[in-house]
Amino acid sequence: METREYELMAAAEDVHPWFIQLRTIIRESFESVGVRPEWHVLDVGCGTGGTMKSLAGTCRFTGLDASPLAAEMAERISGAKVVVADATRMPFADRTFDAVIASHILEHIDDDGAAVAEIRRVLKPGGPLVVLVPCHQFMYNHHDRALHHVRRYSRRDFIELLEQNGFTPQKIIWTNPIMYPPTAAARIVSRILRPADGAGDGRGSDTTARLGLASHLVSAIASIEVRLMWKIPAPFGVGLLVLAR
């Protein structure tokens, strides 16, 4: 991502409803798969370290990110060790980690299959993978381009990606189902008004810590979504959460 996007992420991670909801989803996913404080967990594509900071104490984290800037920020923010490396060529021995979290990282990687294979390699046999990705290629717009997303996934393609690289999905849950209709509509309009030109359009992402009067509404919706997602599986959503082994 661009330097500006890392700075925006670091500023928003503690206050933006989307990030707060994401950390809650990951925490509850950890509880679901049985992560324990003594476990060694790899955060692939850790970004600026928000997940490792907010979930400190749930396990022993190591972060990995291809960006030296993100790695430096993540270490400073979270206090965890962070390694600068490509997710398709991880500098870890086989079967190093008890669990792996890959939160909104695979969509950034050209060879996502190689990255999933590497996750399989460094994960102990039977260890859980908690992975989140954005979905629906028709929603790809300036936000995705600013974040250097290579793609958005379909449910079928993403599950096939995991299975082809040795994982068995155990839970597959759509995320942000309530926000899906307005988000899809907004993305379609943005694509019409700002058609892709094969490069960036000069506009940054939608990441911001300032939602104004909408903040309370978005926070309330995010809270409802998290409470319902484990109990009432939705038939659609903005992204996918998969728990796999």
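Structure values in brief
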{"quantity": "Segment 29-71 - residue that is over 15 Å from the mean Cα position of the chain (by Cα) and among the hydroxyl-bearing types (Ser, Thr, Tyr) and, of those, farthest from VAL242 (Cα to Cα)", "calculated": "SER67"}
{"quantity": "Search result, residues across segment 37-68 that are of a type in the set (A, V, I, L, M, F, W, C) and part of a loop (DSSP other than H, G, I, E, B)", "calculated": "TRP39, CYS46, LEU55, ALA56, CYS59, ALA66"}
{"quantity": "Any chance SER78 is at pLDDT 95 or above, of a type in the set (Gly, Ala, Ser), under 19 Å from VAL226 (Cα atoms) and over 15 Å from the mean Cα position of the chain (by Cα)", "calculated": "no"}
{"quantity": "In segment 137-170, residue nearest to PRO233 (Cα to Cα) [restricted to those that are assigned to a loop (DSSP other than H, G, I, E, B), among the hydroxyl-bearing types (Ser, Thr, Tyr) and modelled with pLDDT of 95 or more]", "calculated": "SER154"}
{"quantity": "Lone unmet requirement of (1) outside any helix (DSSP H, G or I); (2) within 21 Å of ARG152 (Cα to Cα) for PRO91", "calculated": "(2)"}
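The values are calculated or read from the model by the stated rules, or taken from the named source; none is laboratory data. Everything numeric here is computed off the predicted structure, so don't read it as measured data.
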